[in-house]
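Participant: Sending over a structure as structure tokens; questions will come in a sec.
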Amino acid sequence: MSRKRVLLTSVAAVVVSLGAVGLARADEGGVSFWLPGEFGSFAAVPGEPGFSISSFYYHPFVTAGGNKDFVQGGRIEAGIQGRGDLVGVAPTWTFATPVFGGQASVSLIGVGGRNWASIDATLTGPRGNEISGSKSQALTSVGDLFPLATLKWNQGVNNYMIYGMGDIPVGDYNSARLANLGLGHGAIDGGAGYTYLNPANGLEFSAVVGMSYNFINPSTQYQNGLDAHLDTGASYFLTKQLNVGLVGYYFQQVTGDHGAGARLGGFETRVAGIGPQLNYFFPVGDKIQGYANVKAYREFAAENRPEGWNVWLTIGFSPAPAKKAEAQ
């Protein structure tokens, strides 16, 4: 096994856990449980068995003009802006024993930080009362918990993955607030991914598709429809440690919102994003492999959803490959 192949394989587990880290947000207000960009490059590549851990910093900024209405906490609001400074951690255990011929891993993702939101006008209150004027609010607290399970297979330069993810709604949520860090309801998501990884030419390409189902929000009686999403990443190794490329996503709601709180009807959402990425791989002693990634997305083609940009900074550590593999 070449040194480059050892390097790429050794970081795969932590890259997968980093790619899956994100803030899943409430489905009302034109946003979704699935945060586009949660998966990226190397998503389907199996890694080394054992314990790995990753952390992230995520900074989004989104806006929607006053001519666009959104349902939030039972109110119809317009002129929405939002931004966040969020951190999270994702401990991951990768099993050595194969499952259906593949490599299984489980993670539990936790998030926290500061979320800020503002509106230019509230058009109608929960009981039909008209309200006008600007309002802003900030919240520093903790979010929900997100369990994640993956199963991955390798066949030469081709790698395959299936995954399942959920939401445990224990975060800070109040339907009367503008800013929240919890969903206020549960959700589940599942899908499949593919990674082409060729150490001979240093090329990598990954794509992950999935579908989200949101349970009803008991506080507002609002239930989002089914959401489909595609996350992609393509990269090239300039050296055995430095990797550069592009990332992108496409999110499309495929069925309408419903429930007593869905006062704007189906309200199906859409958004796309694209931007650059940089990856750096580094050893930590003889037994730990480190990984750092920065990526940014500029959003476009938004429908019934705020649009903006976001930046991710992630770092993680996983078991280094066995020394005998380096000598092959």
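The values are calculated or read from the model by the stated rules, or taken from the named source; none is laboratory data. Computed from a prediction, not measured in an experiment: that's the story for all the values here. Please note: Cβ atoms are built from the backbone with ideal geometry, for glycine as well, and neighbour counts cover all protein chains shown. The area values use the complete protein model at the heavy-atom level, side chains included, leaving out ligands, DNA and RNA. Shrake-Rupley method; radii C 1.70, N 1.55, O 1.52, S 1.80 Å.
Participant: Go through the residues of segment 183-190 one by one and say whether even a single one is in a strand (DSSP E or B), buried (at least 17 other Cβ atoms within 10 Å of the Cβ) and of a type outside the set (A, V, I, L, M). Break it down into steps so the answer makes sense when it comes.
Facilitator: The initial filter retains those residues of segment 183-190 that are in a strand (DSSP E or B), namely 187-190.
Pick out the ones that are also buried (at least 17 other Cβ atoms within 10 Å of the Cβ) and you get 187, 189.
Narrowing the set further to residues that are of a type outside the set (A, V, I, L, M) leaves 189.
Within segment 183-190 (the criterion being in a strand (DSSP E or B), buried (at least 17 other Cβ atoms within 10 Å of the Cβ) and of a type outside the set (A, V, I, L, M)), the answer is yes, since at least one residue qualifies.
Participant: In segment 35-43, is there at least one residue being open to solvent by 30 Å² or more (accessible area, probe 1.4 Å), out of contact with any helix residue (DSSP H, G or I) (no Cβ under 6 Å at 6 or more places or on another chain) and modelled with pLDDT of 85 or more?
Facilitator: Pass one, segment 35-43, residues open to solvent by 30 Å² or more (accessible area, probe 1.4 Å): none.
Scanning segment 35-43 turns up no residue that is open to solvent by 30 Å² or more (accessible area, probe 1.4 Å), out of contact with any helix residue (DSSP H, G or I) (no Cβ under 6 Å at 6 or more places or on another chain) and modelled with pLDDT of 85 or more.
Participant: Moving to a separate point now. Of all residues being over 15 Å from the mean Cα position of the chain (by Cα) and among the small types (Gly, Ala, Ser) in segment 144-181, which is most open to solvent (accessible area, probe 1.4 Å)? Just the residue, please.
Facilitator: If we take residues in segment 144-181 being over 15 Å from the mean Cα position of the chain (by Cα) and among the small types (Gly, Ala, Ser), then Ala176 is most open to solvent (accessible area, probe 1.4 Å).
Per-residue answers, yes or no, for (1) more than 25 Å from Leu197 (Cβ to Cβ); (2) open to solvent by 40 Å² or more (accessible area, probe 1.4 Å); (3) of a type in the set (Phe, Trp, Tyr); (4) in a strand (DSSP E or B):
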| position | (1), (2), (3), (4) |
| --- | --- |
| Tyr250 | no, yes, yes, yes |
| Ile274 | no, yes, no, yes |
| Phe281 | no, no, yes, yes |
| Ala302 | yes, no, no, yes |
| Trp312 | no, no, yes, yes |
| Ile315 | no, yes, no, yes |
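Participant: Please work out if Val294 is crowded, with 18+ Cβ neighbours inside 10 Å and within 19 Å of the chain's Cα centre (by Cα).
Facilitator: Working: crowded, with 18+ Cβ neighbours inside 10 Å: no; within 19 Å of the chain's Cα centre (by Cα): yes.
Criteria not met by Val294.
Participant: Can you tell me how many residues in segment 142-182 are in a strand (DSSP E or B), in contact (Cβ under 8 Å) with a residue 24 or more places away in the chain and within 24 Å of Gln223 (Cβ to Cβ)? Before the answer, list the steps.
Facilitator: Just the residues of segment 142-182 that are in a strand (DSSP E or B), to begin with: 142-155, 158-168.
Filter once more, keeping what is in contact (Cβ under 8 Å) with a residue 24 or more places away in the chain: 142-154, 158-165, 167-168.
Within this subset, residues satisfying the condition of being within 24 Å of Gln223 (Cβ to Cβ) are 143-148, 163-165, 167-168.
Matching residues across segment 142-182 total 11.
Participant: So which residues in segment 214-231 are open to solvent by 40 Å² or more (accessible area, probe 1.4 Å) and modelled with pLDDT of 95 or more? Working first, answer last.
Facilitator: Taking segment 214-231 and keeping what is open to solvent by 40 Å² or more (accessible area, probe 1.4 Å), we get 215-216, 218-219, 221, 226, 230.
Correct list: Leu230 only.
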